[in-house]
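Participant: Pasting a structure here, questions to come.
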Amino acid sequence: MTIVAGLVALILGILVAGAGLPLFFFLLPIWGFVVGFLIGAGAVTAVFGDGFLATTLGIGAGLMAGVIFALLSYLYWYVGVLLSAGAAGFAIGAALLGTLGVSTDWLIFLVGLLAAIGFVFAAFAINYPIYLVITATAMAGSAIAIGGVLVLFGYVDAASLGTGSVWRTIGDNWFLWIVWLVGTFVGIGTQLATASRVTLPDDKWVPVTQGRP
């Protein structure tokens, strides 16, 4: 199970970082479900201190949040953009706490959540959603891929994926910070090369299919 979880996270991270823009708009409901599931299950873990997906409550909260976010992402494509911005904000906020030596999961989750909210509000003010999506998915994908490698080599338990453990580990290690930054910039460069192939709707609050040829 650990190997499978690590490989899935690694492959998903690479795909999101390098092909986040086209994948993002083709798989909006799935992306919304994944982010919502991690938020719901991670919140239960942070509040009650149980292992990630270790209880029925955590799984149920994750499924409920996932379905809601998936539906919103399908109906309004810009919700997916905001979720991407939030995911990037959470990663940065949680990793910074790790750098400062904070090891309390609920505090890391809370600060990461606050950073995510800040990024979401900032996304409302940005008039270049393509570049926002590229940056956010490259950042998130790089972190997810690193998380997969950490799981494969036993530095992080697979059960802790979705909590602050991955971000804390990245923040504790300057080499992982550099790897994350390099992965982010490589992902941004790769996606910029294909950005012209993606067509967005003129209206932010419609399904993305209305903007595709």
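Each reported figure results from applying straightforward, stated rules to the coordinates on display, with no laboratory input. Predicted, not measured: the structure shown is a model, and the values here were computed from it. Positions of Cβ are generated from backbone atoms using ideal geometry, with glycine treated the same way; all protein chains shown enter the neighbour counts.
Participant: On a full-extension model of 0.36 nm per residue, what is the gain between residue 202 and residue 117, subtracting their alpha-carbon distance, rounded to one decimal in nm?
Facilitator: 28.1 nm
Participant: Mind giving me the nanometre distance, one decimal, between the label points for residue 75 and residue 186, set 7 Å out from Cα along Cα→Cβ?
Facilitator: 4.0 nm
Participant: Ranked by Cβ crowding within 10 angstrom, fewest neighbours first, how are 39, 108 ordered?
Facilitator: 39, 108
Participant: Please state, as a whole number in µm²/s, the translational diffusion coefficient that the Stokes-Einstein equation yields for region 1-47 at 25 °C and 0.890 mPa s, with Rh defined as the Kirkwood radius across alpha carbon pairs.
Facilitator: 206 µm²/s
Participant: Ok, one more. What is the spin-label model distance, in nm, from residue 100 to residue 56 if the labels are put 7 Å beyond Cα along the C-beta direction?
Facilitator: According to this spin-label approximation, the distance is 3.9 nm.
Participant: Using the per-residue mean of other Cβ atoms lying within 10 Å as a proxy for protection, in what order, highest first, do the peptides 76-83, 149-156, 195-202 fall?
Facilitator: Ranking the peptides 76-83, 149-156, 195-202 by packing returns 76-83, 149-156, 195-202.
Participant: If we sort 87-97, 28-38 on the protection proxy, mean other Cβ atoms within 10 Å, highest first, what's the order?
Facilitator: Output ranking for 87-97, 28-38: 87-97, 28-38.
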